[in-house]
Amino acid sequence: MKKKWDDIDPIETREWLDAFASLVKEEGRERADFIINQLLNSAGKAGLTTGGTLSTPYCNTISVEQQPAYPGDLTLEQQIDAVIRWNAIMMVLRAKKEAGGVGGHLSSYASIASLYEVGMNHFFRGATEKTTGDLIYFQGHSSEGNYARAFLEGRLSETHLKNFRQEIGGKGVSSYPHPWLMPDFWQFATVSLGLGPLQAIYQARFLKYLENRKFIEANDRKVWVFCGDGEMDEVDSVGALTVAVREALDNIIYVVNCNLQRLDGLVRGNGKIVQELEGVFRGAGWNVIKVLWDSQWDKVFEKDPQGLLIQRLGEVVDGELQHAYLQGVEFLREFLANSNEELKTLLSAFSDEELAQLNRGGHDPVKIYAAYAAAVKHKDQPTAILFQSVKGYGLGKLHAEGRNVAHNQLEMNEAELKALRERFNLPLSDKQLTDLSFLKLDEKDPAMQYLHAQRKKLSGYLPARFAPKQPLKVPDLSAFDAILKGTGDRTMSTTMSLGRILNVLVKDPNIGSRIVPIFSDEVRTFGLEALFRQIGIYSHVGQLYTPEDKEQLLFYRETQDGQLLEEGITEAGCMASWIAAATSYSTHYVPMIPFFTYYSMFGFQRVGDLIWAASDMRARGFLIGATAGRTTLEGEGLQHQDGQSLLAASAVPTCRAYDPTFGYEMAVIIQHGLRDMYQHEQDVIYYIMAMNEKYVQPEMPENVEEGIIKGMYLLKQSQHGAKQKVQLMGSGAILREVIAAAELLEKDFDIAADVWSVTSFGELRRDGLDVQRANMFSPEKKPKVSYVETCLEKQEGPVIAATDYVRAYADLIRPFISRSYTVLGTDGYGRSDTREKLRHFFEVNRYYIVVAALYALAQEGAIPTSKVTDAMKKYKIDPKKPNPVTV
């Protein structure tokens with residue numbers, strides 16, 4: 001029985017193929033491309049299935065005839081490559097020998113080295129303090145090679161290399177790309193797999209954004225992202241591929257190093273990862289270039305006009321291909337022939353020595369150069385280059401090369417080192433070899449002169465990070481007077497206050513154009529759609545349609561110079577755009593001020609890894625956690641109500657997290673953040689909560705600005721002359737319940753209550769820890785006092801804190817309160833209901849606050865315990881009510 005793809009008429013098939021070959025030869029690839037697309041369109045109209053069109057044969061995309069001449073000196077480049085390889089290996093071996101378990105990776109850089117070196121010698125343009133270059137997202141696990149090259153260039157010392165992964169003493173280098181730790185070297189944090197590719201796409205788009213908004217001149221800068229085939233399994237790696245196509249990002253080049261292996265074994269042992277990735281990229285609309293086989297294969301393929309060998313290579317799964325690589329020439333010959341007489345005859349024309357030289361394309365500079373050159377010239381599409389390589393290349397097939405254990409190999413014996421020396425023709429004595437010596441070439445060596453000359457042509461060394469001083473003039477607090485004066489009798493949410501603040505900022509003559517509002521398709525939800533009309537939504541093609549709401553005041557307006565980034569339903573994409581804007585002061589020498597406003601529950605919980613990476617990259621900008629808190633978001637329920645993001649934020653060293661209740665607090669925090677990040681150029685980020693609950697916004701009291709920024713201030717000092725007193729703390733959504741509780745305590749129980757607005761338990765903790773540390777290291781000096789203690793030292797009574805977040809958030813300051821401290825919070829899963837019922841359920845409403853205050857006084861013996869029981873009866877609090885933590 002004939003199968004679907006069996007050839008029932010080989011002669012007719014050959015006529016079609018010959019005709020097509022003639023078309024390509026006589027009229028060129030472009031015309032052939034057109035004809036193929038016309039045929040596919042006709043097939044579709046006829047209802048035919050044209051399966052298999054997303055994957056091309058298992059061969060190099062660029063033919064020998066299309067290859068440009070190699071412009072470099074291959075002999076010198078191979079010498080440089082060999083020295084860098086050696087030094088990269090020595091870093092790991094020495095660290096293992098001298099520092100014990102600090103680790104490292106031998107195989108990752110060994111696999112990708114040639115891909116880097118061709119780029120470094122011919123493509124990757126460097127930056128200076130005055131000019132920007134290409135943006136390179138280096139593969140995180142191959143950092144040893146970056147350090148080894150920088151050592152050869154004279155940018156790192158031998159001391160740096162000897163202290164690889166040993167940074168505490170100040171003389172080492174970090175394990176992976178970490179701009180926070182090496183701010184003059186690394187640009188991008190990429191070692192959390194998948195984040196580099198995702199960030200790179202939005203970085204390329206932000207580059208176009210800056211061009212279209214006239215912040216920078218149109219240019220041909222490229223964004224190169226290096227990743228492995230195993231890394232492509234991360235959702236982040238492939239999740240934004242269509243963005244690059246939709247935005248016509250011909251300024252991004254994905255370089256996927258397909259060594260067929262991940263950490264534990266094969267990426268697709270039972271399949272073919274290169275073909276799979278080709279289908280993914282081509283299906284998304286990318287230009288795809290495959291570089292599978294090196295130049296030694298060309299003469300073999302030339303003798304196979306029918307393509308039988310390519311067909312055979314395309315049939316075997318990666319597990320078989322990897323196994324054959326390790327078995328020697330005799331096995332390879334039989335493996336490739338696979339009992340096919342024609343293939344046996346073909347291969348018999350080549351000696352064992354010739355077959356032994358066959359290699360994968362990712363290690364051939366000529367093939368690599370051809371692919372890079374084609375990618376750089378390609379227009380109107382992003383390009384992905386799929387290089388096939390060998391993990392651990394050069395380390396020896398008996399040791400790690402091509403083996404499943406390659407990722408975890410951290411040692412080499414003397415025999416293996418000698419084999420490495422011979423393989424790469426390294427000028428090392430036996431003593432240098434056994435001493436694990438680093439190899440440094442004389443500056444007069446032709447290879448060194450060539451290395452520096454090539455980088456000079458390309459404008460500078462990489463990786464390198466520059467952050468020119470460019471302080472911005474930010475508006476004074478008085479610019480927000482309309483917010484500071486309150487709303488009178490009108491009610492307004494703090495999200496609406498944010499809208500008013502943004503309105504002031506985008507009109508500011510100094511920084512207005514630098515504001516970059518970013519949304520994940522929730523602008524209308526937050527009530528900020530006025531921005532559509534005011535500043536426009538960025539679109540690289542403008543608006544090609546008439547919006548149905550054109551007649552409305554706040555119609556949906558897209559424009560090529562739009563300021564707002566409306567990213568659609570992708571918090572990860574929004575965060576990647578935010579990172580691009582928040583690091584623009586360094587990557588593009590253009591300080592931008594991003595505001596990413598999102599459902600707070602979908603922030604640190606959903607994209608916490610990206611926020612951590614942003615902090616590592618010294619980002620500056622605002623994250624706005626809107627519809628904040630566990631009880632302010634009516635009806636939405638468990639997956640939307642946020643009770644923990646502020647706690648997560650407290651763990652990010654550069655994050656300044658605030659939970660303002662009132663518009664004036666938000667204005668003070670944002671103005672201070674602007675001054676902190678853009679005037680004083682501090683590498684911090686601000687996370688600010690915004691709520692959708694409407695209430696009267698009061699006028700700002702006098703002299704509270706410092707307290708707002710430090711984390712707390714006395715909002716209401718009790719004038720009640722009661723004998724007993726308590727200190728009530730609240731923030732965000734629950735502060736108003738705290739205010740109401742204070743009134744109930746005075747009215748119903750004759751107890752005075754001071755009310756503190758705590759804008760940031762995280763900042764209070766930061767201050768407390770600083771003071772605690774200073775006191776521990778100065779035991780003979782008068783102890784310093786934390787800001788919390790300073791605020792409370794003249795006030796009487798136990799302290800009760802209530803927030804719309806888990807108790808652990810307010811508990812952050814427990815070590816710095818030297819009296820009874822009771823915390824109420826919203827531990828447990830959210831529920832769909834009204835705010836009133838939610839606050840009762842989570843036991844954070846005014847009545848529970850009163851009961852907590854009375855209980856604290858009773859525990860101190862200040863009032864009888866019966867008072868607590870009386871309050872519970874009065875406010876109908878059921879002691880048998882289920883615990884919200886466990887239901």
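The values are calculated or read from the model by the stated rules, or taken from the named source; none is laboratory data. Every value quoted in this text rests on a predicted model; they were computed, and no experiment measured them. Please note: Cβ atoms are built from the backbone with ideal geometry, for glycine as well, and neighbour counts cover all protein chains shown. Side chains are part of the model used for accessible areas, which takes the heavy atoms of the whole protein and leaves out ligands, DNA and RNA. Shrake-Rupley method; radii C 1.70, N 1.55, O 1.52, S 1.80 Å.
Here are some notes:
- Check on Lys873, in a helix (DSSP H, G or I), at negative phi, open to solvent by 20 Å² or more (accessible area, probe 1.4 Å) and in contact with a Phe, Trp or Tyr (Cβ under 9 Å, 6 or more places away or on another chain): no
- Within segment 848-861, residues that are more than 15 Å from Pro879 (Cα to Cα) have Cβ atoms under 6 Å from residues that are among the small types (Gly, Ala, Ser) and open to solvent by 10 Å² or more (accessible area, probe 1.4 Å) in these pairs: Ala856/Ser820, counting only partners at least 6 apart in sequence or on another chain.
- Index of the failed condition, Glu158 passing every other in (1) of a type outside the set (A, V, I, L, M, F, W, C); (2) surrounded by fewer than 21 Cβ atoms within 10 Å (Cβ to Cβ); (3) in contact with a helix residue (DSSP H, G or I) (Cβ under 6 Å, 6 or more places away or on another chain): (3)
- Neighbours by Cβ (under 6 Å, 6+ apart or cross-chain): first from segment 479-493, closer than 7 Å to Gln697 by Cα; second surrounded by fewer than 20 Cβ atoms within 10 Å (Cβ to Cβ) and hydroxyl-bearing (Ser, Thr, Tyr): Thr491/Tyr695
- Scanning segment 124-155 for residues that are of a type in the set (Gly, Ala, Ser) and either surrounded by fewer than 20 Cβ atoms within 10 Å (Cβ to Cβ) or farther than 19 Å from Leu93 by Cβ (or both) yields Gly126, Ala127, Gly133, Gly140, Gly154.
- Failed criterion for Leu769 (all others in (1) within 39 Å of the chain's Cα centre (by Cα); (2) over 25 Å from Asp659 (Cβ atoms); (3) aliphatic (A, V, I, L, M) hold): (2)
- Condition check for Lys367: surrounded by 14 or more Cβ atoms within 10 Å (Cβ to Cβ), under 42 Å from the mean Cα position of the chain (by Cα) and in contact (Cβ under 8 Å) with a residue 24 or more places away in the chain: yes
- Scanning segment 241-250 for residues that are in a loop (DSSP other than H, G, I, E, B) and open to solvent by 10 Å² or more (accessible area, probe 1.4 Å) returns Glu247, Ala248, Asp250.
- With respect to the stated conditions, Val238 is open to solvent by 20 Å² or more (accessible area, probe 1.4 Å) and at pLDDT 95 or above.
- Residue count for segment 822-870 satisfying the condition of being polar (S, T, N, Q) and part of a helix (DSSP H, G or I): 3.
- Among the residues of segment 387-402, those identified as more than 18 Å from Gln139 (Cβ to Cβ), in contact with a Phe, Trp or Tyr (Cβ under 9 Å, 6 or more places away or on another chain) and buried (at least 20 other Cβ atoms within 10 Å of the Cβ) are Glu401, Gly402.
- For segment 591-601, the criterion of being aliphatic (A, V, I, L, M), buried (at least 24 other Cβ atoms within 10 Å of the Cβ) and free of Cβ contacts under 8 Å to residues at least 60 places away in the same chain is satisfied by at least one residue.
- Segment 353-402 - residue that is basic (Lys, Arg) and touching a strand residue (DSSP E or B) at 6+ places or on another chain (Cβ under 9 Å) and, of those, nearest to Trp86 (Cα to Cα): Lys391
- Odd one out for Pro653 among (1) open to solvent by 20 Å² or more (accessible area, probe 1.4 Å); (2) in contact with a Gly (Cβ under 7 Å, 6 or more places away or on another chain): (2)
- Single residue of Ala384, Ala415 found to be under 20 Å from Asn259 (Cα atoms) and either under 28 Å from the mean Cα position of the chain (by Cα) or open to solvent by 50 Å² or more (accessible area, probe 1.4 Å) (or both): Ala384
- Hits in segment 756-777 (condition: buried (at least 18 other Cβ atoms within 10 Å of the Cβ) and not in a helix (DSSP H, G or I)): Trp756, Ser757, Val758, Thr759, Ser760
- Restricting attention to segment 266-285, the residues that are open to solvent by 10 Å² or more (accessible area, probe 1.4 Å) and either modelled with pLDDT of 95 or more or of a type outside the set (A, V, I, L, M) (or both) total 13.
- Being in contact (Cβ under 8 Å) with a residue 12 or more places away in the chain, polar (S, T, N, Q), outside any loop (DSSP other than H, G, I, E, B) and on the phi < 0 side of the Ramachandran plot is not true of Thr525.
- Every residue from segment 263-312 that is touching a strand residue (DSSP E or B) at 6+ places or on another chain (Cβ under 8 Å) and not in a strand (DSSP E or B): Val267, Ile273, Val274, Leu277, Glu278, Phe281, Arg282, Trp286, Leu292, Asp294, Phe301
- Answer residue from segment 204-219, given it is charged (D, E, K, R) and without any contact (Cβ under 8 Å) to a residue 40 or more places away in the chain and is most open to solvent (accessible area, probe 1.4 Å) among those: Glu217
- Looking only at residues in segment 520-543 that are of a type outside the set (S, T, N, Q) and open to solvent by 70 Å² or more (accessible area, probe 1.4 Å), the one that is nearest to Ser493 (Cα to Cα) is Arg524.
- Identity of the residue in segment 16-41, modelled with pLDDT of 85 or more and among the polar types (S, T, N, Q), that ends up most open to solvent (accessible area, probe 1.4 Å): Gln38
- Looking only at segment 698-738, and only at residues there that are aliphatic (A, V, I, L, M) and in a strand (DSSP E or B), the one that is surrounded by the fewest Cβ atoms within 10 Å (Cβ to Cβ): Leu714
- Consider segment 497-519 and keep the residues that are open to solvent by 10 Å² or more (accessible area, probe 1.4 Å) and in a loop (DSSP other than H, G, I, E, B). The one that is nearest to Glu665 (Cα to Cα) is Asp508.
- Which listed residue, of Tyr805, Tyr809, is modelled with pLDDT of 95 or more, open to solvent by less than 30 Å² (accessible area, probe 1.4 Å) and outside any helix (DSSP H, G or I): Tyr805
- Residue in segment 92-107 that is touching a helix residue (DSSP H, G or I) at 6+ places or on another chain (Cβ under 8 Å), part of a loop (DSSP other than H, G, I, E, B) and within 29 Å of Thr587 (Cα to Cα) present: yes
- Residue ID - most open to solvent (accessible area, probe 1.4 Å), chosen from residues in segment 544-566 that are free of Cβ contacts under 8 Å to residues at least 24 places away in the same chain and more than 18 Å from Arg524 (Cβ to Cβ): Leu544
- Filter result for His105 (at pLDDT below 90, over 19 Å from Met617 (Cα atoms) and open to solvent by 10 Å² or more (accessible area, probe 1.4 Å)): yes
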